[in-house]
Amino acid sequence: MTTKTAAITAVGGYVPEHVLTNADLAQMVDTSDEWIVSRTGIKERRILKPTSLGTSFMAIKAAQNLLDKNKLDPTQIDLVIVATATPDMPVSSTAAYVATEIGATNAFAYDLQGACSGFLFGMSAASSHISSGRCSNVLLIGADTMSSIIDYTNRTTCVIFGDGAGAVLFEPNDEGLGLQDEVLRVDGNGRTYLKIDAGGSMLPASNETVTEKQHFLRQEGRPVFKFAVSYMSSAITKVLERNQLAKDDIDFVVAHQANKRILDAISNHLDLKSDQMLINIDRYGNTTAATLPLLLWDYEHLLKKNQKLLFTAFGGGFTWGASYLTWAYNS
Ligand code: UT7
């Protein structure tokens, strides 16, 4: 029987050259390498300079990396989705600009705002566009310039986040490989814990909002930490049960890189082996919508056809979920 699933067939990525180390941050705020490493697992993060290059700059670089590596023709792309919480501009579509710049002249494009779960939700959207038969080549990019919304005088947020972009191509697969199942959820009450207060329709920009630093990301770290562990663990458990999978059946867990202690807590909860959890938070920090594709970019060399991958993410909104995907190629 031929099943038209949507599989990832190519991966690309980009991180800016500028490295912001824990030692650099200790010069800027009252923190230390010891605190940051022990509480988050982060050693350094990349920062886009100048910020005015915008998120599209990194998204375009990641997409071009994917196209060049795989010698792909951008005119074959039907759809470009850019998952981001930091679009170039509040109104004009970042995805539209990215599509045009990479030469995807036959594509439509849209931005997807799911905060740190944006890429996970984008996998669902990309897969649906393919399974329905409407699209054959969907380019999904996760990209965020977190440095554009971080207050570098606030030690509770500035040590965590970094900038980056990752891209994947989804294509139909006749062998049934690709996205198999997903549990995606939201809880709108979570927005009290993780948000930017101003700049949206509820509190438009004014001199006061700038003075009060209300355009920067605010987070209540402890409750967000607890929700993240509990919701990602329960979404993963549901996906495993629904697909009659034991934890040892999973080759790799591709989890949002928010805090190494969150990853450890999920690993403990599920009793995973240390080599099942892919990790790169030490080098990039939390890049929001880019963490999942940047893991694929870094670890593509380990991935083999038919391997079973579990994706999970949690972010502002709250948004969260888990997806089960079988890998479709040997790199
Ligand atoms: O990706 C979107 C979802 N986001 C997340 O999943 C993030 C979840 N939360 C976290 O990762 C952690 O809560 C943080 C890394 C944000 C904070 O770590 P924590 O262990 O929860 O620290 P805390 O907020 O409970 O603060 C403990 C202490 C406080 O001092 P007092 O009040 O005990 O004296 C903080 O002021 O650590 C202090 N602190 C710092 N000290 C040195 C907070 N940030 C820093 C810092 N350097 N950078």
Using a 1.4 Å probe and counting only protein heavy atoms, arrange Asp181, Asp111, Asp30 so the residue with the most accessible area comes first. Asp30, Asp111, Asp181
Using a 1.4 angstrom probe on the protein heavy atoms only, line up Glu182, Glu212 by accessible area, largest first. Glu212, Glu182
Relative contact order of the stretch 128-267, please, whole-number percent, based on alpha carbon pairs below 8 angstrom and at least 6 residues apart. 21 percent
Expressed in square angstrom to the nearest 10, the accessible area of Glu220 with a 1.4 Å probe stands at 90 Å²
With the Cα gyration tensor of the stretch 226-331 giving a ≥ b ≥ c as the square roots of its eigenvalues, does the rule (a/c under 1.5 for rounded; else a/b larger than b/c for prolate; else oblate) give rounded, prolate or oblate? oblate
Specify, per residue and in Å³, the volume enclosed by the convex hull of the alpha carbon atoms belonging to the stretch 123-231. 158 Å³
Under a point spin-label approximation (7 Å from Cα along Cα-to-Cβ), what is the Asp174-Gln76 distance to one decimal in nm? 1.5 nm
With every protein chain left in place, what is the accessible area of Thr156 in Å² (1.4 Å probe, nearest 10)? 80 Å²
Two decimals is fine: what's Rg over Rh for the stretch 49-158, C-alpha atoms, Kirkwood radius as Rh? 1.01
Using only the heavy atoms of the protein chains and a 1.4 Å probe, how would Met123, Met28 rank by accessible area, largest first? Met28, Met123
Probe 1.4 Å, protein heavy atoms only - accessible area per residue of the stretch 179-326 in square angstrom: 46 Å²
Given +1 on the Cβ of Lys and Arg, -1 on the Cβ of Asp and Glu, and no further charges, what dipole in debye does the chain carry about its Cα centre, rounded to the nearest 20? 360 debye
Using alpha carbon centroids, what distance separates the stretch 1-77 and the stretch 94-128, in Å? 16 Å
The stretch 5-176 - share of DSSP beta bridges that are antiparallel (%, nearest 5): 70 percent
Among the listed pairs Lys247/Lys305; Lys4/Lys238; Lys49/Lys71; Lys195/Lys308; Lys69/Lys247; Lys49/Lys213, those beyond 26 Å (Cα-Cα): Lys49/Lys71; Lys195/Lys308; Lys69/Lys247
Work out how much length Lys213 to Lys273 would gain on full extension: take 0.36 nm times their residue separation and subtract the Cα-Cα distance, in nm to one decimal. 17.3 nm
Considering only protein heavy atoms and a 1.4 Å probe, what is the carbon-and-sulfur percentage of the accessible area of the stretch 76-235? 50 percent
Please give the solvent-accessible surface of His269 in Å², to the nearest 10, using a probe radius of 1.4 Å with every protein chain present. 120 Å²
So for the chain, averaging the separation of alpha carbon pairs under 8 Å that are six or more residues apart and normalising by length, what relative contact order in percent results? 26 percent
Find the Cα radius of gyration of the chain, compare it with 2.2 N^0.38 Å by division, and give the number to two decimals. 0.94
Relative contact order for the stretch 7-111, counting Cα pairs under 8 Å that sit 6 or more residues apart, in percent: 27 percent
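The values are calculated or read from the model by the stated rules, or taken from the named source; none is laboratory data. Nothing here was measured: the structure is a model prediction, and the numbers come from that model. When we count neighbours, we look across all protein chains shown, and the Cβ atoms used for this are built from the backbone with ideal geometry, even at glycine. Note: accessible area is taken over every heavy atom of the protein model, side chains too, but ligands, DNA and RNA are not part of it. Shrake-Rupley method; radii C 1.70, N 1.55, O 1.52, S 1.80 Å.
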